[in-house]
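Participant: Let me begin by handing over the structure; questions about it come next.
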Amino acid sequence: QVQLVESGGGLVQPGGSLRLSCAASGSIRNIADMAWYRQAPGKSRELVATISRGGRTNYADSVKGRFTISRDNAKNTMYLQMNSLKPDDTGVYYCNAWISTAQVTVGSWYWGQGTQVAVSS
């Protein structure tokens, strides 16, 4: 059984910062690609940033230069540093990861339950 648990969300004023964390636990053999998604009210889920096991990153145009994705492979944890936050960044942020386990050695995508980010004055 694998779990992804996000934390670090909250209410912040425009221009502020937040740091999200995503911790994976369970009978994990390997975590390959990881990603952050977000879903604003009334909108579909969108990709925010991705990071490979080796640290290669990609970002949505809307967050480039403001958000930084990183990971600590030893801790099975991924982070999202969000700076210069805007009201348009409001939404539920989800952690996503490709994880192989002792039972599913090929691997499978897993999702966290999400953490709410609200940017408002």
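Participant: Output the residue which, of all residues in region 1-18 that are assigned to a loop (DSSP other than H, G, I, E, B) and touching a residue at least 60 places away in the same chain (Cβ under 8 Å), is most open to solvent (accessible area, probe 1.4 Å).
Facilitator: Applying the filter and picking the extreme gives GLN13.
Participant: Okay, moving on. Could you grab me the full set of residues in region 19-56 that are among the β-branched types (Val, Ile, Thr) and open to solvent by 30 Å² or more (accessible area, probe 1.4 Å)?
Facilitator: Step one: of region 19-56, the residues among the β-branched types (Val, Ile, Thr) are 28, 31, 48, 50-51.
Selection gives ILE28, THR50.
Participant: Test TYR79 against the stated conditions and say whether it is under 19 Å from GLY16 (Cα atoms), aromatic (Phe, Trp, Tyr) and either modelled with pLDDT of 95 or more or part of a loop (DSSP other than H, G, I, E, B) (or both).
Facilitator: yes
Participant: Does region 57-81 hold any residues that are open to solvent by 50 Å² or more (accessible area, probe 1.4 Å), more than 13 Å from the chain's Cα centre (by Cα) and under 30 Å from PRO14 (Cα atoms), and which are they?
Facilitator: ASP61, SER62, LYS64, GLY65
Participant: Here is a further query. From the list TRP98, TRP36, which residue is touching a strand residue (DSSP E or B) at 6+ places or on another chain (Cβ under 7 Å) and more than 30 Å from SER121 (Cα to Cα)? Write out each step before concluding.
Facilitator: Working: TRP36 fails: more than 30 Å from SER121 (Cα to Cα).
So the residue among TRP98, TRP36 that is touching a strand residue (DSSP E or B) at 6+ places or on another chain (Cβ under 7 Å) and more than 30 Å from SER121 (Cα to Cα) is TRP98.
Participant: Just one of ILE28, ILE69 is among the β-branched types (Val, Ile, Thr) and touching a Leu at 6+ places or on another chain (Cβ under 9 Å); which is it?
Facilitator: Every option except ILE69 fails the conditions.
Participant: Something else now. Would you please name the residue that is nearest to GLY8 (Cα to Cα), looking only at residues in region 82-121 that are in a strand (DSSP E or B) and open to solvent by 60 Å² or more (accessible area, probe 1.4 Å)?
Facilitator: Restricting to residues being in a strand (DSSP E or B) and open to solvent by 60 Å² or more (accessible area, probe 1.4 Å), the top hit is GLN116.
The values are calculated or read from the model by the stated rules, or taken from the named source; none is laboratory data. No experiment lies behind these values; they were computed from the predicted model shown. Don't worry about glycine lacking a Cβ; one is built from the backbone with ideal geometry, like all the others, and counts go over all protein chains shown. Surface areas here come from the heavy atoms of the whole protein model, side chains and all, with no ligands, DNA or RNA. Shrake-Rupley method; radii C 1.70, N 1.55, O 1.52, S 1.80 Å.
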